[in-house]
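Undergrad: Structure incoming, see below.
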Amino acid sequence: MLCPRCGYYAEKEETVCPECGEILTTGTDAPYSGAEAIRQGKRARLAIHEAAERTMEIKRRRRSGASRATVEMPALKDEREDEEVFPDYRISESEIAGEEGGEEVVFERRRRTVYDENDDIREQARAYTEWIEQGGGKRLKMVNWMKIAIAGVVLLAMIVGGSWLFLNNTEGGQKVMARLGKEATSAALWAVGEDLMNNGDIDGAIESFEKAMLQDEAEEHVDVDGMLMLGSAYEAAGRTEDAAKLYAHIYEGTPSRPEAYVNHIRILLNNGKLADAGRLMKIAYEETGEVTFQTQRRDLLPEVPVVDPVGGYIEHKVTLNMYSNQGYDVYYTFDDDIEKVKLPQDGIRFTEKLTLDEGTWNLRAVAVNGELVSDEIKGTYKIIMPSPQMPQPNLAPGAYKTRKKVSLRPGKDNEKDDDIRIFYTVDGSTPNEDSPEFTGEPILLPTGHKVTIKAIAVNQYGKESQVQEVSYKIEVKPYPLSAWDIEEKVSGLDLNKTTMQAFQAEYGPGQEVEIETTKNSGFTTALRKFEYSWGYAVMNLNKKTWVLVELRFNDKATFKAPRDTGIGDPKDYVIGKFRDMGQVASASGNRGLYHLDNLSDGKYLAKENSIRYRIRVDGTWYQLKYYLNDNGTVKEIEYRYIPK
């Protein structure tokens with residue numbers, strides 16, 4: 001049914017227009033006729049066009065909050081034919097203008113089409129029914145704003161959650177957080193710092209890099225590439241000291257990475273610290289194996305010095321020479337403790353050739369050019385010189401009734417060696433190079449119950465052979481005298497026992513003077529020295545008692561020496577009073593008189609021009625010494641106790 005007010009087509013059973021609310025007439029009402037029918041037909045045509053406009057208005061109201069349901073109906077095409085009611089009029093322009101002969105103008109006039117209202121309604125119903133059957137007549141549902149609100153909240157939550165996930169779980173998001181100064185991963189901070197550095201913001205880059213490094217340290221993570229960028233930023237900002245410290249931190253923690261070494265070496269070279277740069281180049285080569293460090297260091301430092309000869313096993317003394325091909329100073333040491341002795345500061349400057357004797361010598365040497373020091377050259381010299389064989393006597397050991405002479409010769413392996421020297425003794429002492437040398441003239445053995453000849457061979461390197469000992473019994477008188485004994489005292493004085501009180505009671509108090517501690521350094525307790533007209537006496541504090549430990553006199557009347565010897569006696573007279581095995585003097589003039597197994601010995605000392613007799617008792621020496629004038633007579637006698 002068509003609404004007479006708005007033209008909306010309502011359902012048959014509806015009594016109120018859904019569009020405008022007009023009360024609709026029922027089917028019993030009389031249809032329109034005449035002029036009213038014509039008007040109603042015009043209204044029907046306009047209703048279709050106005051319905052589209054109303055539909056758009058309804059949609060606008062719905063967007064603004066309207067909740068009223070509507071039904072959209074398709075527009076119907078007007079297919080009715082117009083019928084001509086009035087004929088056409090043809091009028092010329094001249095007639096219109098009031099003139100003759102004008103052009104003819106035709107005015108068309110058509111009559112209105114008269115519609116049958118009932119047919120129109122039936123056509124509208126038929127079209128609407130087809131539209132409904134085709135599914136186009138669905139009534140729009142009511143808008144549920146609660147669902148729209150919930151959907152909006154969900155959408156907003158999804159946007160917020162997605163943003164959170166993006167900022168916290170993606171690289172790009174973390175970089176955004178880092179740029180905003182918020183908490184971000186160290187990787188994002190390193191990346192942002194790199195971007196800032198590339199854009200020329202050095203201070204901003206350093207700040208971001210430092211935050212990243214602190215965060216890595218807290219997480220026990222190391223980003224070497226990032227720290228290298230921070231070092232570059234420090235250098236760009238002129239903070240070379242901070243850069244050097246950072247590079248050192250890098251290669252100390254990751255020694256296999258060469259970049260930090262390269263950068264630190266460059267800083268040292270630019271600052272003129274050549275020696276430090278050289279040392280770091282060595283460490284870098286050892287840690288990374290990069291040959292470029294070794295080449296760079298070789299070009300910077302002096303060459304190692306030349307050592308001639310090189311080390312090794314050598315069987316003779318070595319004359320050692322050292323020099324630098326570049327003319328630099330050479331410093332050396334034979335101490336192989338590199339921590340204790342450092343070159344060049346603890347070494348010796350080489351100025352002349354060195355002689356190395358037998359033994360092991362561990363040489364270290366460097367060349368020095370200002371503060372630049374070459375690598376060390378090392379060499380070990382193991383000098384083991386061959387020892388000669390023992391000399392051999394031509395007289396077999398045994399007992400003889402007459403005095404015999406003995407000749408000595410080198411051992412079999414040294415018979416053709418012209419540099420072998422033989423030294424011997426017959427006084428019982430062990431021979432050395434201060435003993436008499438066998439020159440080829442036979443040795444006359446002394447008389448006595450037992451005579452022992454001892455001999456050694458010495459080669460050109462100073463190596464001594466083992467001692468050759470051969471004993472004989474020469475049953476020929478006179479037999480040698482006895483050796484001096486501790487019981488033979490000077491004027492009855494007992495060394496280390498006679499008290500100072502007893503001595504001074506016999507010889508007077510004397511004049512106490514300062515004592516030379518160097519001469520009596522063996523004592524650990526106090527000493528006192530007293531001078532007299534005939535010489536002096538020295539007392540030692542022994543268990544709270546002062547006792548005599550040394551007496552030296554030059555007055556024959558005051559003291560009496562053992563075996564009726566004393567001041568003014570000739571040298572040979574004194575020697576003739578004690579044991580003498582008849583050994584000849586050595587090249588130095590010294591002559592051994594005797595040497596017994598109990599370490600009692602007698603010897604003439606040419607340098608002091610004295611005759612010394614001594615005996616060792618319980619680890620201490622008791623000594624009797626005669627000092628001679630140039631004419632060979634006794635001028636002073638020393639009676640002395642020598643502690644351990």
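Undergrad: Based on the Kirkwood radius over alpha-carbon pairs, what is the Stokes-Einstein translational diffusion coefficient of segment 227-322 at 4 °C with 1.567 mPa s viscosity, in µm²/s?
TA: Stokes-Einstein gives a translational diffusion coefficient of 85 µm²/s.
Undergrad: Could you go through segment 530-547 in sequence order and give the Karplus-derived ³J(HN,Hα) for each residue, using 6.51 cos²θ - 1.76 cosθ + 1.60 with θ = phi - 60°, rounded to whole Hz, and x for Gly and Pro?
TA: Once rounded to whole Hz, the list reads 10, 9, 10, 5, 8, x, 7, 9, 10, 10, 10, 7, 10, 6, 6, 10, 7, 10.
Undergrad: Any chance you could run the full-extension gain for Glu14 through Ala502? It's 0.36 nm times the residue separation minus the Cα-Cα distance, nm to one decimal.
TA: 159.0 nm
Undergrad: While we're looking at this one, here's another question. Can you work out the Karplus-derived ³J(HN,Hα) for every residue in segment 312-319? Use 6.51 cos²θ - 1.76 cosθ + 1.60 with θ = phi - 60°, whole Hz, and x for glycine or proline.
TA: x, 8, 10, 10, 7, 5, 10, 9
Undergrad: Tell me, in nm to one decimal, what length is gained between Lys577 and Glu286 on full extension, where the rule is 0.36 nm per residue of separation less the Cα-Cα distance?
TA: Difference between extended and current length: 97.0 nm.
Undergrad: Could you list which residues have their amide H under 5 Å from that of Glu376, counting only those 5 or more apart in sequence or on another chain, with H placed in the peptide plane?
TA: Amide H neighbours of Glu376: none.
Undergrad: Distance from a point 7 Å along Cα→Cβ of Asp203 to each backbone N in segment 231-247: keep the residues under 13 Å and list them by number.
TA: 237
Undergrad: Using r as the Cβ-Cβ distance of Lys644 and Asp329, and R0 as 60 Å, what FRET efficiency do you calculate, to the nearest 0.05?
TA: So, using R0 = 60 Å, E works out to roughly 0.80.
Undergrad: Long-range amide H contacts for Glu636: which residues qualify at under 5 Å (H placed 1.01 Å from N, peptide plane, sequence gap of 5 or more or a different chain)?
TA: Tyr627
Undergrad: Follow-up question, since we're still on this one. Give me the base-10 log of I(q)/I(0) for segment 392-474 at each q in 0.23, 0.25 Å⁻¹, Debye formula, one uniform scatterer per Cα, rounded to two decimals.
TA: For segment 392-474, the Cα-only Debye profile gives -1.10, -1.27.
Undergrad: Still on this structure, I have one more. So who's got an amide H within less than 5 Å of the one on Tyr536, skipping anything under 5 residues away but keeping other chains? H placed 1.01 Å off N, in plane.
TA: Distant-sequence amide H within range of Tyr536: Arg552.
Undergrad: Something else: First measure r as the distance between the Cβ atoms of Val306 and Ala399, then evaluate 1/(1 + (r/R0)^6) with R0 = 51 Å and state the FRET efficiency to the nearest 0.05.
TA: 0.20
Undergrad: Which FRET efficiency, nearest 0.05, do Glu339 and Ala237 yield, Cβ-Cβ r, R0 60 Å?
TA: 0.95
Undergrad: While we're on this one: State, to one decimal in nm², a quarter of the convex hull surface area for the C-alpha atoms of segment 307-383, i.e. the direction-averaged projected area.
TA: Seen from a random direction, the Cα hull of segment 307-383 projects 4.9 nm² on average.
Undergrad: May I ask you to evaluate 6.51 cos²θ - 1.76 cosθ + 1.60, the Karplus curve with θ = phi - 60°, for each residue of segment 378-386 and list the ³J(HN,Hα) values in order in whole Hz, giving x for glycine and proline?
TA: Using θ = phi - 60°, the values come out as 10, x, 10, 10, 9, 9, 10, 7, x Hz.
Undergrad: How charged is the neighbourhood of Ile453? Take every other residue with its Cβ under 12 Å from the Cβ of Ile453, and add Lys/Arg as +1 and Asp/Glu as -1.
TA: Here the charged neighbours net out to +2.
Undergrad: Still on this structure, I have one more. Could you calculate the contour length gain from Arg409 to Arg5, that is, 0.36 nm times the residue separation minus the distance between their Cα atoms, to one decimal place in nm?
TA: Extending this stretch completely gives an extra 129.0 nm.
Undergrad: In a shell of Cβ-Cβ distance under 11 Å around Asp216, excluding Asp216 itself, what net charge do Lys and Arg (+1) and Asp and Glu (-1) give?
TA: For residues surrounding Asp216, the net value is -4.
Just so you know, all these numbers are worked out from the coordinates, no wet-lab data involved. It should be emphasised that the depicted structure is a prediction, and the values quoted were computed from it without experimental measurement. With ideal geometry, Cβ positions are generated from the backbone for all residues, glycine too; neighbour counts draw on all protein chains shown.
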